[in-house]
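Just below is one structure, and these are the notes that go with it.
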Amino acid sequence: MNNSVGNAARLLWAGLRALLVLTVVTGVLYPLAVTGIAQVAFPGKANGSEIKDASGKVVGSELIGQTYHLPKKNPDDADEAVTPDLKWFQPRPSNGLGSNSVNTQYSIILSGATNRSGDNADLIKWVRDAKAAVVKDNSTADHQVKPSDVPADAVTSSGSGLDPHISPAYAKLQVHRVAEKNGLDVGQVEQLVADHTDDRILGFIGEPRVNVLQLNIALKNLVAAKG
């Protein structure tokens with residue numbers, strides 16, 4: 001009987017020691033080592049890929065899309081329709097999984113795809129309405145956008161609903177409107193888009209893309225320099 005108790009006690013103590021050692025190694029030492037290596041090797045990515053404006057203020061992450069809307073007349077009215085601020089380049093639609101209804105002041109988009117099929121009536125309406133809005137918003141006195149000019153990413157959300165990038169085609173489609181709204185030459189804005197167009201990763205992975213937040217920060221700096 002005593003031997004059985006002793007053996008059980010030894011097994012329990014061995015298990016406790018293993019738990020303590022593994023807790024220290026995997027719960028303390030390993031996270032500290034990974035964090036330290038990440039901070040040395042790629043601190044920007046390790047800290048959330050933050051983007052700062054000219055003043056050094058963090059204005060977002062290059063990994064998460066943002067919206068560029070005019071302020072609400074009543075900030076406390078969650079049902080008030082939002083209107084895009086057309087002086088900025090606009091991102092992809094952000095339908096996602098809908099909005100977080102817990103916060104009544106801000107409409108927080110929940111990350112995720114709409115999961116609607118290509119023949120879904122809601123999706124078809126969203127795409128048609130979005131295309132009509134893109135044509136209307138981006139047509140200027142001297143530049144008329146045709147429905148055939150509108151690329152797919154201008155009227156559909158990404159798989160996450162929070163894509164920070166748009167295609168070069170969608171960025172170029174917005175050039176005339178952005179130039180007019182900001183009192184800039186079209187050529188200046190076209191060059192801005194060209195300068196902020198990233199090529200395929202490693203030259204063959206993915207598609208060329210434009211980070212909307214970085215492009216809008218550059219636009220803000222250009223307008224400030226002009227003024």
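The values are calculated or read from the model by the stated rules, or taken from the named source; none is laboratory data. Fair warning: this is a prediction, and the values are worked out from it, not measured in the lab. Reconstructed Cβ throughout: ideal geometry from the backbone, glycine too, with neighbour counts over all protein chains shown.
In the range 155-170, of all residues being at pLDDT 95 or above and of a type in the set (A, V, I, L, M, F, W, C), the one that is surrounded by the most Cβ atoms within 10 Å (Cβ to Cβ) corresponds to Ile166.
Being in contact with a strand residue (DSSP E or B) (Cβ under 8 Å, 6 or more places away or on another chain) and assigned by TED's automatic domain parsing to the domain that holds Ala54: is that true of Arg177 here? The answer is yes for Arg177.
Could you please find all residues in the range 121-141 being surrounded by fewer than 15 Cβ atoms within 10 Å (Cβ to Cβ) and modelled with pLDDT under 90? If the condition is that a residue be surrounded by fewer than 15 Cβ atoms within 10 Å (Cβ to Cβ) and modelled with pLDDT under 90, then Asp122 is the only one that fits.
If you go through the range 170-227 and keep only what is of a type in the set (Lys, Arg), closer than 16 Å to Ala154 by Cα and either within 18 Å of the chain's Cα centre (by Cα) or part of a loop (DSSP other than H, G, I, E, B) (or both), you end up with just Arg209.
Do we have Pro31 as closer than 30 Å to Lys181 by Cα and modelled with pLDDT of 90 or more here?
No: the conditions fail for Pro31.
With the structure loaded, tell me whether Pro164 is in the same structural domain as Gly65 (by TED's automatic domain parsing), in contact (Cβ under 8 Å) with a residue 24 or more places away in the chain, more than 22 Å from Tyr68 (Cα to Cα) and not small (Gly, Ala, Ser) or whether it fails that test.
It is false that Pro164 is in the same structural domain as Gly65 (by TED's automatic domain parsing), in contact (Cβ under 8 Å) with a residue 24 or more places away in the chain, more than 22 Å from Tyr68 (Cα to Cα) and not small (Gly, Ala, Ser).
Is there a residue in the range 85-92 that is aromatic (Phe, Trp, Tyr) and more than 22 Å from Val210 (Cα to Cα)? No: zero hits.
Hey, among the residues in the range 171-192 that are touching a residue at least 60 places away in the same chain (Cβ under 8 Å) and within 22 Å of Lys146 (Cα to Cα), which one's surrounded by the fewest Cβ atoms within 10 Å (Cβ to Cβ)?
Residue satisfying both the conditions and the ranking: Lys181.
One line per residue, one yes/no per condition, for (1) within 24 Å of Val212 (Cβ to Cβ); (2) surrounded by 11 or more Cβ atoms within 10 Å (Cβ to Cβ); (3) touching a Leu at 6+ places or on another chain (Cβ under 8 Å):
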{"position": "Leu19", "(1), (2), (3)": "no, no, no"}
{"position": "Thr35", "(1), (2), (3)": "no, yes, no"}
{"position": "Gln66", "(1), (2), (3)": "yes, yes, yes"}
{"position": "Pro71", "(1), (2), (3)": "yes, no, no"}
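Gln144 versus (1) surrounded by 18 or more Cβ atoms within 10 Å (Cβ to Cβ); (2) free of Cβ contacts under 8 Å to residues at least 12 places away in the same chain: which is the lone unmet condition? Here Gln144 meets the rest and fails (1).
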